[in-house]
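Heads up: the structure comes next, in structure tokens.
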Amino acid sequence: MATPKSAPLAIRQLKRPDLVAQEIKRLITEKNLSPGDRLPRESELQAQFQVSKGTIREALKSLEVQGLITISTGPSGGGMVVEVPLDRTLQFMQNYLFFQEVTIDDIYTVRQMLEPELAAGAVPHLTEADFEALEHSIACCDPTQSSDDLVSQRREDVNFHDILAAANPNPFLRFTCELINEMIRQLIVFANRTPQAEHRRFGEANAQFHRSIVQAARERDAAKVRALMQEHMRDAASSVKRMKGRIQGRLILDADSLRSPRPRRAVQPVEKAAATAPGTASKTTARASARTTAKAPVKTIPKASAKTAAKAPAKSPAKATSARPAAARKRAAS
């Protein structure tokens, strides 16, 4: 008896703008371009890839939506390589998780595993500016000191953890914890009937844990910071469940990140940073000195019969500047 042949797998045919976008990514890699470097002009890209101006522009717009470049207009305009914005990356990840069954238990199970290690790893790298930012955050989230509304206080709870994340040198651990923090900031809501006293009790407990963590970090006691954070995460998980917290199922909009600026790590002079945190002086990027100037080989994009896809969404407005005092932070370079 003959076995039925399986149906062949469908292979997605990329449109010409998508193929060009891939080649531009390859060009960025081959020429070792860094944030701030400009791409060749549109006319040069047209000649190199032998496609129309419209195809080049759609390819560039696709890369802009991905956060890899920015596009400017005018005689000296064109594409410029930029560091992929964290907000854009978090938005993509959160929108992916919109279609998954993620619960409060899932989030806090991961937090209990990662946050203690994140905080302990940040201890040797915390500067005086970091401690000032942490203490400012505590004052903002403590119901006994802050006059802000409860939502703002809970957001400041999360900002405390973002400040610690910014000081941790492990970029993957930092990113994962920041993703979780952003989900907490954007997607966790509480039942309308949750008593105000419960919110206040939760805030006071968080503020006390944060003070203890800062004190242990000032003493450079990473083991104590890890233990305190473990206890803090267990307490937070039980409090959120007691207050009937839940994940709000929705897609994240560009405007959401504008309403909730996260703390950025303060920039220190190299001499001061080296004195404050030995071994953490910024490293010179080898890529800058080794950047190649040779032209990438000319590659021809095969013609496609399908029509060009609809234009990518318009560029989102620039992120609002945080109104924090000296605690305005710039993300640490790994």
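The values are calculated or read from the model by the stated rules, or taken from the named source; none is laboratory data. Model, not experiment: these values are computed from the prediction. Here Cβ is always computed from backbone atoms with ideal geometry, including for glycine, and neighbour counts include all displayed protein chains. Protein only, heavy atoms only, side chains kept; ligands, DNA and RNA dropped before computing areas. Shrake-Rupley method; radii C 1.70, N 1.55, O 1.52, S 1.80 Å.
Name the shape class, rounded, prolate or oblate, that the alpha-carbon gyration tensor gives for segment 16-81, where a ≥ b ≥ c are the square roots of its eigenvalues, rounded holds for a/c under 1.5, and otherwise prolate holds if a/b is larger than b/c and oblate otherwise. Present the calculation step by step, with values, prior to reporting the outcome.
Numbers: a/c = 1.32, a/b = 1.13, b/c = 1.17.
Taking the square roots of the gyration eigenvalues as a ≥ b ≥ c, segment 16-81 is rounded.
Quick one: net charge of residue 141's neighbours, Cβ under 9 Å, K/R +1, D/E -1? Don't skip to the answer; put the middle values down first.
Numbers: positive: 154, 155; negative: 142, 148, 156, 157.
Neighbourhood net charge equals -2.
Add +1 for every Lys or Arg and -1 for every Asp or Glu among the other residues with Cβ under 11 Å from the Cβ of residue 150, and state the total.
After counting each charged neighbour, the total is -2.
Probe radius 1.4 Å, ligands and nucleic acids ignored: give me the carbon and sulfur share of the accessible area of segment 4-103 as a rounded percent.
Values: 3320 of 5940 Å².
Of the solvent-accessible surface of segment 4-103, carbon and sulfur hold 56 percent.
Residue 108: net charge of surrounding residues, Cβ under 10 Å, Lys/Arg +1, Asp/Glu -1, itself excluded?
Combined, the nearby Lys, Arg, Asp and Glu give 0.
At what distance in angstrom do the alpha carbon centres of segment 204-249 and segment 112-139 lie from each other?
12 Å
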